[in-house]
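**Student:** There's a structure below that I have some questions on.
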There are 2 protein chains.
Amino acid sequence: MKGMKLDPWGSSDFTDYKKLIKEFGIKPFRPLLEKINDPDKLMRREIIYGHRDYERIIEAMKNKKEFCLITGFMPSGKPHLGHKMVMEEIIWHQKKGAKIYVCIADIEAYTVRKMSRELCDSFGKEYLAYLIALGLKADKNTRLYFQSKNKNPEYHAFSKFASRKTTFNEMKDIYGELTPGKIVSSLTQVADILLPQIENGPMPTVVPVGSDQDPHIRFTRDIASRFSSEFPFILPSSTYHMFQRGLDGGKMSSSRENSYISLDESEESLKRKIMNAVTGGRETLQEQKEKGGIPEKCMIFELFKYHLIENDEKLNKIYSECKSGSRICGECKKQCFELMLSFLKKLNEKKEKCMSKIEKMMD
Amino acid sequence: MKGMKLDPWGSSDFTDYKKLIKEFGIKPFRPLLEKINDPDKLMRREIIYGHRDYERIIEAMKNKKEFCLITGFMPSGKPHLGHKMVMEEIIWHQKKGAKIYVCIADIEAYTVRKMSRELCDSFGKEYLAYLIALGLKADKNTRLYFQSKNKNPEYHAFSKFASRKTTFNEMKDIYGELTPGKIVSSLTQVADILLPQIENGPMPTVVPVGSDQDPHIRFTRDIASRFSSEFPFILPSSTYHMFQRGLDGGKMSSSRENSYISLDESEESLKRKIMNAVTGGRETLQEQKEKGGIPEKCMIFELFKYHLIENDEKLNKIYSECKSGSRICGECKKQCFELMLSFLKKLNEKKEKCMSKIEKMMD
């Protein structure tokens, strides 16, 4: 592993996705598109840009075979639009027939991010409530759990058994400087990713992640293959999505207040953030009308593309209007604000109703 | 930590118990004897030679306050007389009012000793069956469990939370060369030792161990103290017992067939082992009659002292007879064989009856 190193605990700032594809064996997602029935907008728009072994999932969807999606949320901050993107991917796969496992990574938040257990708990419930509010059905094929509260002893035991199948040097190669907390947390994630197969037997599994989580995927695939007949796993598949950029043009991060929109953003701060967002507009209105805007650089366009405009034709229309100079930033921001406000309002009404149900939905 | 190093995974060959007391802060047990009501023969005979904070346990027994004993067995081989000694200590404490936790350390056996899970399982059940056959009451104050099968998620989560409270360097100092398996296994033992307090709130806890397990005790006490108000533990107490020597004069080890007597030893091999045991006898009968034997060097006397003779006066009589030359090795071995045979016969009859109950007794 030369050159760039993926660090799931470091700051993730990998905009050069092609390099990832080249260096780490992640395959481009686009060639799969035509084989997928009714692909999600995240797929169509290449926000999901890469995968490992996703063919297996397409095969299962096509043949109506059992398959599973497992992913996790780290409860170290408020749910924001970046998380909504993954939630959308979860819900899409549920509609396509996937069993759904969603894990709140509170062991990792506690041991690696040094969060208090109380905060992990309350953030974790928020994530699950929003997920359901967005449309996830919590039926018998859905399993929502906190790492620390999972009642299946096989889950916990497996994360410990897995420690026999790796070495200190291997983990150091993958994760860089180690602590006991990182070791325990990584092995717990291995158990999370393999849990659907531990509980249901071997089945195709897809793990939607950001590129920075790929070390966990590779590590899990290596460990899984070493259990051979003891646990006959099918190597988990994965998808990789781009990171939405921050509204201020930097990285979207919950540590920089003006970079993100949280799912419970107030109307007032939503307005402020959108109105102050970095756009692809020109210096003067005159210049913009002549040269057109640059939607590729525009955070408002990114909000349309990632979240607010489902219909591709409509999105293309916005793009063309901007490019041609007929769409003006002020109006465009206002449209974005109104769509977002209406979306968040409805979402939070639903979410409030879900909160009380969360406790019993788990396990 | 200079000089000798205690290694719970290495070969344990610490006959210099005084040195342990001096270097590691283990306190001598003898001064406590007079404060203990009806002490066990292992205490009276100074086989239990050391402790940490056992005063707390004496206090609890005296004042009829809740207290607990927790210990574990590693299912990496057949139960033998060395294990029976610890079982005796468990049962004695149960009679004195202790809640009892007994753990089968199958996570450690799998990850560190590289045992198969099937073997861990079958050995583990043997240990528990013998423990009950020896007299442990499996009542509501008794909890028998396999590490990998414990159904309390708090137990597993705690072993992971604990990883935040230590560093890689600290663990290396205590345990020497580390592997992910050793890290996971040590943190699991921390959770085992603290489990009674996790489940019942703070209470005095005693952990009977051999000296080689002291690193686990010190590590657990350090971790426990770092949780402060999050988990307000009382630091666990411990007792340290001497290791019974092997019948062949070396270390008693399940890897040297002639060194130990397993609890299911056949009559034939029991006879052979006892008849071939190293004794404190002289070269000739004549010499023995003149100078007397050396019971301190005699493995047969050790069997009397550790296992077969409950009454101290009877034991002293054997000792004096040997010293004075009136007790002859052949006769003495025969007596030992008969007592042991009768003991094992009765024990195994009871144990067979217990085997079927073991499954439901757990959890």
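The values are calculated or read from the model by the stated rules, or taken from the named source; none is laboratory data. Since the structure is predicted, the reported quantities are computational estimates derived from the model, not experimental observations. Cβ placement follows ideal geometry from the backbone for every residue including glycine, while neighbour counts extend to all protein chains displayed. All accessible areas refer to the heavy atoms of the entire protein, side chains included, with ligands and DNA or RNA removed. Shrake-Rupley method; radii C 1.70, N 1.55, O 1.52, S 1.80 Å.
**Student:** Suppose the Debye formula is applied to equal point scatterers at every Cα of the range A:169-218; what is log10 I(q)/I(0) at q = 0.18, 0.22, 0.27 Å⁻¹?
**Tutor:** Reported log10 I(q)/I(0), two decimals: -0.64, -0.87, -1.09.
**Student:** What fraction of the DSSP beta bridges in chain A is antiparallel, stated in percent and rounded to the nearest 5?
**Tutor:** Values: 8 of 26 bridges.
Counting DSSP beta bridges with both partners in chain A, the antiparallel share is about 30 percent.
**Student:** Using +1 on the beta carbon of Lys and Arg, -1 on that of Asp and Glu, and nothing else charged, what's the dipole of the range A:93-210 about the Cα centre, debye to 20? Don't skip to the end; give the middle numbers.
**Tutor:** Values: 17 positive and 12 negative charges, 57 e Å.
Roughly 280 debye for the range A:93-210.
**Student:** Output needed for the range A:61-212: three equivalent-ellipsoid semi-axes, defined as square roots of 5 times the C-alpha gyration tensor eigenvalues, in descending order, whole Å.
**Tutor:** Values: eigenvalues 121, 79, 39 Å².
Equivalent-ellipsoid dimensions as semi-axes: 25, 20, 14 Å.
**Student:** Project the alpha carbons of the range A:235-363 onto their principal axes and report the range along each, largest first, in whole Å.
**Tutor:** 59, 43, 31
**Student:** Additional query: At a Förster distance of 60 Å, what's the computed FRET efficiency of A:Asn200 paired with B:Glu283, Cβ-Cβ distance as r, to 0.05? Mind showing how you got there, number by number?
**Tutor:** Numbers: r = 70 Å, r/R0 = 1.17.
After rounding to 0.05, the efficiency reads 0.30.
**Student:** Okay, next question. Just for the protein assembly as shown, what percent of DSSP beta bridges are antiparallel, to the closest 5? List each step's numbers first, then the result.
**Tutor:** Working: 16 of 52 bridges.
Here the share of antiparallel DSSP bridges comes out near 30 percent.
**Student:** If you take the Cα atoms of the range B:142-273, find Rg, then find the Kirkwood Rh from the mean of 1/r over all pairs, what is Rg/Rh?
**Tutor:** Working: Rg = 18.0 Å, Rh = 16.9 Å.
Ratio value, two decimals: 1.06.
**Student:** Give the angle, between 0 and 90 degrees and rounded to the nearest 10, that separates the Cα long axis of helix B:312-324 from the longest principal axis of the Cα atoms of chain B.
**Tutor:** 50 degrees
**Student:** Something else: May I ask you to rank A:Thr279, A:Thr220 by accessible area, largest first, using a 1.4 Å probe over the protein chains only?
**Tutor:** Details: A:Thr279 35, A:Thr220 0 Å².
If we order A:Thr279, A:Thr220 from most to least accessible, we get A:Thr279, A:Thr220.
**Student:** Using only Cα atoms and rounding to the nearest 10 degrees, what angle (0 to 90) does helix B:117-133 make with the longest principal axis of chain B?
**Tutor:** Roughly 60 degrees between the two axes.
**Student:** Accessible area of A:Lys334, 1.4 Å probe, to the nearest 10 Å²?
**Tutor:** Counting only protein heavy atoms, the figure is 100 Å².
**Student:** For A:183-193, what's the mean count of beta carbons from other chains sitting within 10 Å of each residue's beta carbon?
**Tutor:** Numbers: counts 8, 10, 3, 1, 5, 4, 0, 0, 0, 0, 0.
Mean shielding by partner chains, rounded to a whole number: 3.
**Student:** Computed from the mean reciprocal separation of all distinct C-alpha pairs, what Kirkwood hydrodynamic radius does the range A:135-210 have, in Å? Could the numbers behind the result be given before it?
**Tutor:** Numbers: mean 1/r = 0.0715 Å⁻¹.
It is 14.0 Å.
**Student:** With a Förster radius of 51 Å, plug the Cβ-Cβ distance of B:Arg272 and B:Lys95 into 1/(1 + (r/R0)^6) and report the FRET value to the nearest 0.05.
**Tutor:** Computed FRET efficiency for B:Arg272 and B:Lys95 comes out at 0.90.
**Student:** Assuming 1.306 mPa s and 10 °C, estimate D for the range A:315-363 with Stokes-Einstein, Rh taken as the Kirkwood radius over Cα pairs, in µm²/s.
**Tutor:** Values: Rh = 13.5 Å.
Value of D from the Cα-based Kirkwood radius: 118 µm²/s.
**Student:** Still on this structure, please answer the following. Just to confirm, what accessible area per residue do you get for chain A at 1.4 Å probe, in whole Å²?
**Tutor:** On the way: 15630 Å² over 363 residues.
Per-residue accessible area for chain A comes out at 43 Å².
**Student:** Simple spin-label model, 7 Å along Cα-to-Cβ: A:Glu349 to B:Lys357 in nm?
**Tutor:** With each label point 7 Å from Cα toward Cβ, the separation is 6.2 nm.
**Student:** Let me ask another. Give, rounded to the nearest 20 debye, the magnitude of the charge dipole that the range B:18-176 has about its Cα centre when Lys and Arg contribute +1 at Cβ and Asp and Glu contribute -1 at Cβ. All intermediate terms of the calculation are to be shown ahead of the outcome.
**Tutor:** On the way: 32 positive and 20 negative charges, 37 e Å.
For this selection, approximately 180 debye.
**Student:** Still on this structure, please answer the following. With every protein chain present, what accessible area does B:Met242 have (1.4 Å probe, heavy atoms only), rounded to the nearest 10 Å²?
**Tutor:** Approximately 50 Å² of B:Met242 is accessible to the 1.4 Å probe.
**Student:** Just counting partner chain Cβ atoms within 10 Å, what average do the residues of peptide A:163-170 show around their Cβ?
**Tutor:** Other-chain Cβ atoms within 10 Å of each residue's Cβ, averaged: 5.
**Student:** Still on this model: So what are the three principal axis dimensions of the range B:208-256 from its Cα atoms, in whole Å, longest to shortest?
**Tutor:** Rounded to whole Å, the extents work out to 51, 17, 11 Å.
**Student:** Something else: Would you calculate the separation in nanometres between label points at B:Asp139 and B:Lys27, each defined as 7 Å from the Cα along the Cα-to-beta-carbon direction?
**Tutor:** 3.0 nm
**Student:** Hey, another quick one. In nm, to one decimal, how far is the modelled label at A:Lys151 from the one at B:Ile328, with both set 7 Å along Cα→Cβ?
**Tutor:** 6.9 nm
**Student:** Sticking with this one: Would you kindly calculate the translational diffusion coefficient of the range B:110-151, applying Stokes-Einstein with the Kirkwood radius from alpha carbon pairs, for 10 °C and a viscosity of 1.306 mPa s, and quote it in µm² s⁻¹ without decimals? Intermediate results must be reported in sequence, preceding the final value.
**Tutor:** Values: Rh = 11.6 Å.
The diffusion coefficient I find is 137 µm²/s.
**Student:** Based on the Cβ-Cβ distance of B:Glu55 and B:Ser254, what FRET efficiency does E = 1/(1 + (r/R0)^6) give at R0 = 41 Å, to the nearest 0.05? Don't jump to the answer; show the numbers that get you there.
**Tutor:** Details: r = 34 Å, r/R0 = 0.84.
Efficiency at R0 = 41 Å is approximately 0.75.
**Student:** Hey, got the average number of other protein chain Cβ atoms within 10 angstrom for residues in B:98-108?
**Tutor:** On the way: counts 0, 0, 0, 0, 0, 0, 0, 0, 3, 6, 1.
Across B:98-108, the average partner-chain Cβ count within 10 Å equals 1.
**Student:** Under 1.5 on a/c is rounded, so check that first for the range A:13-110, then, if it is not, pick prolate when a/b is larger than b/c and oblate when it is not; a ≥ b ≥ c are the square roots of the alpha carbon gyration tensor eigenvalues. Walk me through the intermediate numbers first.
**Tutor:** Details: a/c = 1.77, a/b = 1.18, b/c = 1.51.
Oblate, because a/c is 1.5 or more while a/b does not exceed b/c.
**Student:** Based on alpha-carbon atoms only, what is the radius of gyration of chain A relative to the globular estimate 2.2 N^0.38 Å?
**Tutor:** Working: Rg = 20.8 Å, N = 363, 2.2 N^0.38 = 20.7 Å.
Dividing the Cα Rg of chain A by 2.2 N^0.38 Å gives 1.01.
**Student:** If you don't mind, another one. Taking the convex hull of the alpha carbon atoms in the protein assembly as shown, what volume per residue do you get, in Å³?
**Tutor:** Details: hull volume 127.2 nm³, N = 726.
Roughly 175 Å³ of hull volume per residue.
**Student:** Among B:Leu69, B:Ser255, B:Thr279, pick out the residue whose Cα is farthest towards the positive end of the charge dipole of the protein assembly as shown, where Lys and Arg carry +1 and Asp and Glu carry -1 on C-beta, about the Cα centre.
**Tutor:** The residue sitting farthest along the positive end of the dipole is B:Leu69.
**Student:** Rank by packing, highest mean first: peptides B:40-47, A:101-108, with packing defined as the count of other Cβ atoms within 10 Å averaged across residues. Could you put the intermediate results ahead of the total?
**Tutor:** Values: B:40-47: 18.4, A:101-108: 26.9.
The packing order, highest mean first, is A:101-108, B:40-47.
**Student:** How much of B:Val184 can a 1.4 Å solvent probe reach, expressed as accessible area in Å² and rounded to 10?
**Tutor:** For B:Val184, the solvent-accessible surface is approximately 10 Å².
**Student:** Which of the listed residues, B:Ala157, B:Ala138, B:Phe123, is farthest toward the dipole's positive end in the range B:107-174, when Lys, Arg count +1 and Asp, Glu count -1 at the beta-carbon?
**Tutor:** Positive-end residue among those listed: B:Ala157.
**Student:** In deg cm²/dmol, rounded to 500, what helix-only [θ] at 222 nm does the protein assembly as shown give when every DSSP H run of at least 4 residues adds -39500 (n - 2.57) and the total is split over its residues?
**Tutor:** Only helices count here, giving -15000 deg cm²/dmol.
**Student:** Measure up A:Lys165/B:Lys149; B:Lys125/B:Lys334; B:Lys95/B:Lys333; B:Lys78/B:Lys353; A:Lys137/A:Lys323 against 30 Å on the Cα-Cα distance and list the ones that go over. Kindly include the intermediate steps, with their values, before the conclusion.
**Tutor:** Values: A:Lys165/B:Lys149 20 Å; B:Lys125/B:Lys334 32 Å; B:Lys95/B:Lys333 32 Å; B:Lys78/B:Lys353 18 Å; A:Lys137/A:Lys323 40 Å.
In this structure, B:Lys125/B:Lys334; B:Lys95/B:Lys333; A:Lys137/A:Lys323 lie more than 30 Å apart at Cα.
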